[in-house]
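Below is one structure; the comments refer to it alone.
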Amino acid sequence: MKIPFFLILSLLSLTFFFSCTTSSPRNRGSLSDAMDKSRDDHEGSREVPDEDDSPWWAEEEPDQPSRQEPDEPDYNDMVASPSEPVSLNVLLRGERGWTGSPYFTSDFNGELLIGDKIDHWEVYLFAGFDLLDVKPSHPAFETIKDNAFTLSAGVEGRFYMFPKLKVFSPYLLARMGGLFLFWQFRNPLESGGESIESDILGGLILGSGVGIDLYHGENFRVGMNIIPEASLYGEETQQGFTNDFFSSQGFVRIGMEAGARF
């Protein structure tokens, strides 16, 4: 039985995003302390620590004798040949957050999905952009300049209960992937002679939901869905702050989508 080339690509994508996280060779203390120092009403210095935090394996190691790598197995019999014609579903989805807590609300979310059908299932790679409004009720409102945003990517799977139904075809979905949260400090911080104006924090996306295709043809479709989703943030920012400020963020998104098969 041949494994679809797209599934191999999906597994490689998951491996990449699960291993992807923000980190820095510098240790600049806690993120909550940095956020507090970026406030307009902060009195005193905006200086944050600057210590070397290079991992031990980054030290130069003596040269090791080269070893002959074993021959890799031949997957030609398992994976469908890339030379075969490939036809995939391409979807565009626009969403707005119905609710969000505790740090942000989702002003707008746009996603591109590329995938294929396998029996009752459809599997997609997705990439998205999310414009975030900081909630005035949270301390982040006093520490983040303007809006924050995220870039995300991952895998989404759908199960169609009635795959041959072309009108009002319902489905269940589940998704997972990685994200990067971007924001600007309200006031720049100083560290080791360097000015820090912004930062990035990695994380993990987990979501599930329901949807319905208003029309589901062979070459065109249009539909809507509702997706509760959780974002779990990592332990260290790109600038080297230990994350004790952001833990997890929840959204409930309502979206419309349309797409075609190419």
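Values quoted throughout were computed directly from the atomic coordinates according to the rules given, and no laboratory measurement underlies them. Keep in mind that what you see is a predicted model, and the values were worked out from it rather than measured. Heads up, the Cβs are rebuilt from the backbone with ideal geometry, glycines too, and the neighbour counts pull from every protein chain shown.
Take the Cβ-Cβ distance between Glu235 and Asp41 as r, set R0 to 41 Å, and report the resulting FRET efficiency rounded to the nearest 0.05.
E between Glu235 and Asp41, to the nearest 0.05, is 0.90.
Give me the net charge for the shell around Ser208: Cβ to Cβ below 12 angstrom, other residues only, Lys and Arg +1, Asp and Glu -1.
Spelling it out: positives minus negatives among the neighbours equals +1.
Could you compute the FRET efficiency for Arg261 and Phe168, with r as their C-beta to C-beta distance and R0 at 30 Å, rounded to 0.05?
Computed FRET efficiency for Arg261 and Phe168 comes out at 0.95.
Which of the GluC sites (Glu not before Pro) found in the stretch 155-262 are loop residues per DSSP with 13 or fewer other Cβ atoms within 10 Å of their Cβ?
Hits after loop and neighbour filter: Glu218.
Pull up all non-local amide H partners of Phe185: gap of 5 or more, or a different chain, and H-to-H distance under 5 Å with H placed in the peptide plane.
Lys145, Ser198, Asp199
From the backbone phi of the stretch 34-49, what are the Karplus-calculated ³J(HN,Hα) couplings (6.51 cos²θ - 1.76 cosθ + 1.60, θ = phi - 60°) in whole Hz, Gly and Pro given as x?
Along the stretch 34-49, the couplings run 5, 4, 5, 6, 8, 5, 5, 8, 5, 9, x, 6, 9, 6, 10, x Hz.
May I ask you to evaluate 6.51 cos²θ - 1.76 cosθ + 1.60, the Karplus curve with θ = phi - 60°, for each residue of the stretch 191-198 and list the ³J(HN,Hα) values in order in whole Hz, giving x for glycine and proline?
Here the 3J(HN,Hα) series is 8, x, x, 10, 9, 10, 9, 8 Hz.
Could you give the length gained by full extension between Met224 and Phe182, i.e. 0.36 nm per residue of separation minus their alpha carbon distance, to one decimal place?
Full extension of this stretch gives 12.3 nm more.
Would you kindly state how much longer the chain becomes between His138 and Ser24 on full extension, computed as 0.36 nm times their sequence separation minus their alpha carbon distance, in nm to one decimal?
38.4 nm
R0 = 51 Å: FRET efficiency of Ser87 with Glu190, Cβ-based, nearest 0.05?
Once rounded, the FRET efficiency stands at 0.40.
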